[in-house]
Amino acid sequence: MTGNQTAQGPKHKQDLTRRKVVVAGGAAVAAVGVGGALAMTASADESTAGATATSTVSSTSSTAEVCYKLTSETTEGPYYIDADKIRRDITEDKEGIPLTLTLKVIDSETCKPIGNAAVDIWHCDALGLYSGYESLSTGGGGTAPTDAPSGAPTGTPTGEPPSGAPSGGTGGGGGVHEEPTDDERYLRGTWRTDKQGRVTFKTIFPGWYRGRCVHIHTKVHVDGEWTDAGYEGGHACHTGQFFFDEESVLASAEVEPYSTSTTERTTLTEDTIYDQSGTQGGLLKLKYNKKNIAKGVVGSITMGVAPDETNDGT
């Protein structure tokens, strides 16, 4: 595959070769010192402080190395489908606020970018439904909240939680993997990182559903091989989630179709998966017109991973 490749095959029908996950050793790559220079791994539009960067100053010189901490690992959730769509534009025909998501993957020990990694993302639509699991997801219609709710959600959610998920944690809070119940694959995709460790996806701003704040799931796979059939072999070195600040979520709730949801919303501080650690925990940096979020949102984050470790989130 090349950086200019597009989605292969008709919508919803491409059935690519599944990965053969290989459990790797747990030792992390040894840190590489930087002589006489400051190594900055943050992307140009991310601040070092916002990314919870750490600095190590050599006792024998004034040189310093700045590198991101390991990004928080989370559960995979019950709605993961492995490498089903090799594409960067995962929107299909789903309505919602356009979201351009730029991710950078680096080795948290060496600070070096990780190229040729396979990055998965998947998330619900504007009304809280997951493709492949529409009958198990929760969604709603009506009027969205205009303020962040205080205390725990009190409304009665619509729909039924999946059989393996715990109460209040539907679609990512935990539980065993569920087999897909339909052939839909919107808002799911896998693409490769370039030499700078970057990959960009086109999607929509996610909605919300019972028991979870607004989020996007992700996996990073390394040591596999890109073939005509997709990405094969290797192992998952990171399983995490990306999160959205309350200001952006409240703004999205004023825009259709988000504004038609009656599902009670869990705030960022109430969420049981987000660890409240900012960028290290998966909090995205967002850019958008504060007066008109409907025009689109640009999100970015750098993920520090341990490529020699296996973190499959299960």
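You can think of it this way: the chain between ASP194 and HIS177 has 3.1 nm of extra reach, that is 0.36 nm per residue less the Cα-Cα gap. Put simply, the Cα atoms of the stretch 213-314 extend 44, 32, 25 Å along their principal axes, the longest span coming first.
With every protein chain in place and a 1.4 angstrom probe, the accessible-area ranking of LEU284, LEU250, largest first, reads LEU250, LEU284. Accessible surface calculations at 1.4 Å, restricted to protein heavy atoms, place the stretch 257-302 at 43 Å² per residue.
Quick one: putting +1 on the C-beta of Lys and Arg, -1 on the C-beta of Asp and Glu, what dipole do you get for the stretch 183-244 around its Cα centre, in Debye to the nearest 20?
On the way: 9 positive and 7 negative charges, 89 e Å.
It works out to roughly 420 debye.
The values are calculated or read from the model by the stated rules, or taken from the named source; none is laboratory data. Bear in mind the structure is a predicted one, so any value in this text is a computation, not a measurement. Here the Cβ is made from the backbone with ideal geometry for all residues, glycine too, and neighbour counts use every protein chain on show. Side chains are part of the model used for accessible areas, which takes the heavy atoms of the whole protein and leaves out ligands, DNA and RNA. Shrake-Rupley method; radii C 1.70, N 1.55, O 1.52, S 1.80 Å.
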